[in-house]
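S.K.: I am attaching a structure below and will ask some questions about it afterwards.
None of the figures in this text is laboratory data; all of them are computed from the coordinates on show. Here the structure is a predicted model, which means the values were calculated and not measured. Quick reminder, even Gly has a Cβ in these numbers, built from the backbone with ideal geometry, and neighbours come from all protein chains shown.
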Amino acid sequence: MQIGIFSVGDVTADPTTGRTPTEHERIKNTVAIAKKAEDIGLDVVALGQHHNPPFAASSPTTTLAYIAAQTERIILSTSTTLITTTDPVRIAEDYAQLQHLSDGRMDLMLGRGNTGPVYPWFGKDIREGIALAVENYALLHRLWREEDVDWQGRFRTPLQGFTATPRPLDGVAPFVWHGSIRSPEIAEQAAYYGDGFFSNHIFWPASHAQQMVELYRRRFEHYGHGLAHQAIVGLGGQFFMRPNSQDAVDEFRPYFDNAPVYGHGPSLEEFTSQTPLTVGSPQQVLERTLSFREYAGDYQRQLFLVDHAGLPLKTVLEQLDLLGEILPDMRAGFAEGRPADVPDAPTHAALVERGETREVLA
Amino acid sequence: MTNLVVISAGLSEESSTRMLADRLAAATRARLESGGADVSLDVIELRPLAHAIMDAMLTGFASGDLAGAIESVRRADALVAVTPVFSASYSGLFKSFFDVLEPGLIEGKPVLLGATAGTARHSLVLDHALRPLFAYLRAEPAPTAVFAATDDWGTTADGALRARIERAGHEFADRIRPGARPATPSRPRTQPQFDDTAADFADFASLLNG
């Protein structure tokens, strides 16, 4: 079981002070948070990609490569890499580069997550979102696996005899997760390829995540990648904790009430009951997180959103310290009752080994 | 069984909007039942759902009683939708409820329209505001709709409100009576998307071929 954090890289004013960090501070803070994540023993740090204010995250591989140079162990990923508006050729190249620099300590999560105006700036149409995700990934998938690619599609210029460079490390393509909140087509896509499926269920009720994950699991089995309970599932999560749960509620409320995504809408109490958001003691966060298995099954990756809504760096680092304290219990909880045939999320080493096994069998 | 769902955006207790909605529903029901049909009636008052509607606008998902109301609309065979006139159009609450429905949810559903206001000078709101909304949503608004001004509740003169309600209810009942119309052409794209055993499930081959 991999446990980590994911960020969208928003530059948001702290509602309690009115102060907005500079882009420079936000970018440096992102690095500090990633290093802290490794320090407390987390497995994954994932960064977002956006191309408009209020985000400072247009080049995730740059930031991830910088983090890779300053960490030893943590897996670098994305949340998400925009498969709709980013040229799949550039994704193939940028992430292969990152794969080499990080010695394979990376994967990526593809998503459509983008605001309307960004599509036309990149020459795309938001109404084609699903079709772009499908076609672009079909090309990306080939670019990492074939040296000499002839290709023609609807959304980019054709390729004749194209080789994406650098070639993937050890000849093994980076592992890909497909992220979605609400589109069953993306669950179907992940299942078809036998890739991971990440349900970012932090903004919506658990019943939606359950529906998506169950579809993905059934289709994963349908396409012959293993049994449904062996599919590779990731979930989002969101918490704010303090040793005393009332302190957590009091401190987090102004951030919640003004948060960009759900602020000025439901109350904190309503939202915590309707979505996986947990605001309370470390024990409450631990119990809530372990309960995700009740509807998602035994899964492979749990990512938490911790640096958002204008929370200052100091607070985010304190949240990570608290997460570090419950991490051993969380790992033990996830291991409890987990069937032996439920795989771990594939790492680079595991994918290399799998490739070698296939060659031997062939 | 004809499942009739009434949506009322009245704000006061009791509201003339709800009174009109109830009477339209009763006239429709009486006509259906006189023809031997079974009718179930469900009333959705939007006022108690107001916070949930705005929350859904901001979060993208419907919670609690609003989710139940939307489910009622999904299962409805026909709708009666009545709004007060605010600032020359339907009320913001009325519009917001339809704004948070999933696309396609009321596609093909017959709708009996009604509106209320302080004066009859607003009566064309049925045709310049409500009809375009329901046309956009691909619902089927009935040709006869009813507008009730405050004065209408105090007169029994020719063209009286009761007669207009009766006429609208009768016509609507005859349109929605079982067997009177072809089955709703397309069902909303909601649950079936997740049903990989359904014939129209979008499998990867069809996605890839666009």
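S.K.: Relative contact order for chain A using alpha-carbon pairs under 8 Å, separation at least 6, rounded to a whole percent?
M.R.: The value is 19 percent.
S.K.: Continuing with the same structure: Between A:Gln152 and A:Asp39, what is 0.36 nm times their sequence separation minus the Cα-Cα distance? Round to one decimal in nm.
M.R.: 36.1 nm
S.K.: Can you work out the FRET efficiency for the pair A:Asp344 and A:Tyr295, with r the C-beta to C-beta distance and R0 = 35 Å, to the nearest 0.05?
M.R.: Here the calculated transfer efficiency is 0.95.
S.K.: Restricting to Cα atoms and excluding each atom paired with itself, what does the Kirkwood estimate give for segment B:2-208 in Å?
M.R.: 17.8
S.K.: Relative to the longest principal axis of chain A, what angle (0 to 90°, nearest 10) does the C-alpha long axis of helix A:23-39 take?
M.R.: 90
S.K.: What is segment B:1-122's relative contact order, in percent, from Cα pairs under 8 angstrom and six or more apart in sequence?
M.R.: That works out to 34 percent.
S.K.: If amide H atoms are built 1.01 Å from N in the plane of the peptide, which residues on other chains or at least 5 residues away come under 5 Å of the amide H of B:Glu140?
M.R.: Residues meeting the amide H criterion: B:Gly108, B:Lys109, B:Val111.
S.K.: For segment A:262-362, what does the relative contact order come out to in percent, with C-alpha contacts under 8 Å and a separation of six or more?
M.R.: With pairs under 8 Å counted, the relative contact order is 27 percent.
S.K.: Also, quick follow-up: For segment A:248-302, list log₁₀ I(q)/I(0) at each q in 0.15, 0.30 Å⁻¹, using the Debye formula over Cα point scatterers of equal strength and ignoring solvent, two decimals each.
M.R.: -0.50, -1.18
S.K.: Which helices pass in chain B if a helix is a full DSSP H run, must span at least 24 angstrom along its long axis by Cα, and must have mean Kyte-Doolittle hydropathy not below 0.5?
M.R.: None clear 24 Å together with a mean of 0.5.
S.K.: Share of antiparallel DSSP beta bridges in chain A, in percent to the nearest 5?
M.R.: If we restrict to bridges inside chain A, about 10 percent are antiparallel.
S.K.: Rounded to the nearest 500, what is the 222 nm mean residue ellipticity of chain B from helices alone, with -39500 (n - 2.57) per DSSP H run of 4+ residues and division by all residues?
M.R.: Helix-only estimate at 222 nm: -11000 deg cm²/dmol.
S.K.: Just want the answer: with Cβ charges of +1 for Lys and Arg and -1 for Asp and Glu, which residue in A:Ser199, A:Phe220, A:Phe155 is farthest toward the dipole's positive end in segment A:151-236?
M.R.: Sorting the options by dipole projection puts first A:Phe155.
S.K.: Semi-axes of the equivalent ellipsoid for the protein assembly as shown, please: Cα gyration tensor eigenvalues, times 5, square-rooted, ordered largest first, whole Å.
M.R.: Values for the protein assembly as shown, descending: 50, 28, 22 Å.
S.K.: Follow-up question, since we're still on this one. Any idea what diffusion coefficient segment B:47-90 gets from Stokes-Einstein, in µm²/s, Kirkwood Rh on alpha carbon pairs, 4 °C, 1.567 mPa s?
M.R.: My calculation gives 108 µm²/s for D.
S.K.: Ok, one more. Choose one of B:Gly92, B:Ala69, B:Ser16: the residue whose Cα lies farthest towards the positive end of the charge dipole of segment B:2-208 (beta-carbon charges +1 Lys, Arg; -1 Asp, Glu; about the Cα centre).
M.R.: Farthest along the dipole direction, towards plus: B:Ser16.
S.K.: Grab the beta carbon distance between A:Thr20 and A:Tyr66, set R0 = 30 Å, and tell me the FRET efficiency rounded to 0.05.
M.R.: The value I calculate is 0.85.
S.K.: Can you tell me the dipole magnitude for the protein assembly as shown around its Cα centre, using point charges on the Cβ only (Lys, Arg +1; Asp, Glu -1), in Debye to the nearest 20?
M.R.: Computed about the Cα centre, the dipole is about 1360 debye.
S.K.: Sum up the charges of everything whose Cβ sits under 14 Å from the Cβ of A:Val342, counting Lys and Arg as +1 and Asp and Glu as -1, but leave A:Val342 out.
M.R.: It works out to a net charge of -1.
S.K.: Next question. Relative to a virtual label point 7 Å from the Cα of B:Arg75 in the Cα→beta-carbon direction, which members of segment B:90-133 show backbone nitrogen distances below 19 Å?
M.R.: B:101-102, B:105-107, B:109-110
S.K.: Go through B:His128, A:Gln284, A:Leu42 and say which Cα lies farthest out towards the positive end of the charge dipole of the protein assembly as shown; charges sit on Cβ, +1 for Lys and Arg, -1 for Asp and Glu.
M.R.: Working it through, the farthest residue towards the positive pole turns out to be B:His128.
S.K.: Same structure again: Return the average number of partner chain Cβ atoms within 10 angstrom of each residue Cβ along peptide A:127-135.
M.R.: Per-residue shielding by partner chains comes out at 2.
S.K.: List the pair-distance distribution P(r) of segment B:1-123, using every Cα-Cα distance, as the percent of pairs falling in each 10 Å bin from 0 up to the bin containing the longest distance, rounded to whole percents.
M.R.: Bin by bin from 0 Å, the calculated values are 13, 44, 33, 9, 0.
S.K.: For segment A:8-47, place one equal point scatterer on every Cα, skip the solvent, and apply the Debye formula. What is log10 of I(q)/I(0) at q = 0.24, 0.31, 0.32 Å⁻¹?
M.R.: -0.82, -1.00, -1.03
S.K.: A further question follows. Between A:Arg145 and B:Met57, what is the spin-label point distance in nm, taking each point 7 Å from the Cα along the Cα→C-beta axis?
M.R.: Reported label-point gap for A:Arg145 and B:Met57 is 4.7 nm.
S.K.: Which of the lysines could be linked to B:Lys95 by a straight reach, that is with a Cα gap under 19 Å, when you skip same-chain ones fewer than 8 residues away?
M.R.: Output for B:Lys95: B:Lys109.
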